[in-house]
Each structure stands twice: as structure tokens, then as C-alpha cells.
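Step one of this worksheet: look at the structure below.
The values are calculated or read from the model by the stated rules, or taken from the named source; none is laboratory data. What you see is a predicted model; the values in this text were computed from it and never measured. Here the Cβ positions follow ideal geometry from the backbone for every residue, glycine too, while neighbour counts run over all protein chains shown.
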Amino acid sequence: MTVSLRVLDDGAWVSVNDAREVSVSELWRLDDPSFCGCDLPDFVVENVLSVGVDGRTVTANVYGQCIGCGETGVPGWVPVGRLSDGKFVDIDRENTVLPVYDGDDR
Ligand SMILES: [Zn+2]
């Protein structure tokens, strides 16, 4: 089954099968101690750079900012949802989001 993944409106949205599913300005709790000095940084998504899929997990490479300390950057590929029978299923991004790194054993 082919799933269409796109970034729309200059990085404002992740589109899955032509439906806008994930928007910037969401607040994610980032489980990534290397991003900044905060425990579980509260991370505001400012721009979606690219979107991909890893197995059944939809991942996005996003730029954003920790609202705790102001650190900005790109934490890496972050899971934003799942695919189920070719449809997008939201995951709870307001709780801990586990970043995905290139090169990790998965
Ligand atoms: Zn921080």
C-alpha cells in the first residue's frame, strides 16, 4: 500500500495521504538529554523539515525550541504517528516522544 507523505506550507504541516495530520506549534516532551540541559525538554515545533517512514512509524525531522532554556535545533527523526492499514494514527506527542537517531540499532 502506498502512503503519501509530504511536508506542506513551507514546513507548517505533515501531510499523510493528502490530509494535514501534524502541525507546527505543537508542544512535544522530548526524551532527548543531548538536545539541551533540561530534563525532558518541552519542545515547541517550529518547522517541519522532512517526513519519512520507518516500518510503520511515521517520523519527522523538525526544527524547534526548548521553552525551558531556549535551545534551538533539530533533535533528529521523531516519531509522530503510526500507519495502520495505510492510514495515519496519531500517537500521543504531548507525552514523552522518543527521538530516533540514524544509526541506532532498532
Ligand atoms: Zn532546555
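General observations
- Residue in the stretch 74-85 that is part of a strand (DSSP E or B), within 15 Å of the ligand (Cβ to nearest atom) and surrounded by 14 or more Cβ atoms within 10 Å (Cβ to Cβ) present: no
- Candidate set from the stretch 10-28 (those that are assigned to a strand (DSSP E or B) and buried (at least 16 other Cβ atoms within 10 Å of the Cβ)); member that is modelled with the lowest pLDDT: 28
- Each residue in the stretch 33-59 was checked for being within 16 Å of residue 69 (Cα to Cα) and loosely packed, with under 14 Cβ neighbours inside 10 Å, and 4 pass.
- The stretch 46-73: number of residues that are within 16 Å of the ligand (Cβ to nearest atom), assigned to a strand (DSSP E or B) and over 8 Å from the mean Cα position of the chain (by Cα): 7
- Looking across the stretch 11-25, the residues that are of a type in the set (A, V, I, L, M, F, W, C) and either more than 17 Å from residue 93 (Cα to Cα) or touching an Asp or Glu at 6+ places or on another chain (Cβ under 7 Å) (or both) come down to 14, 19, 24.
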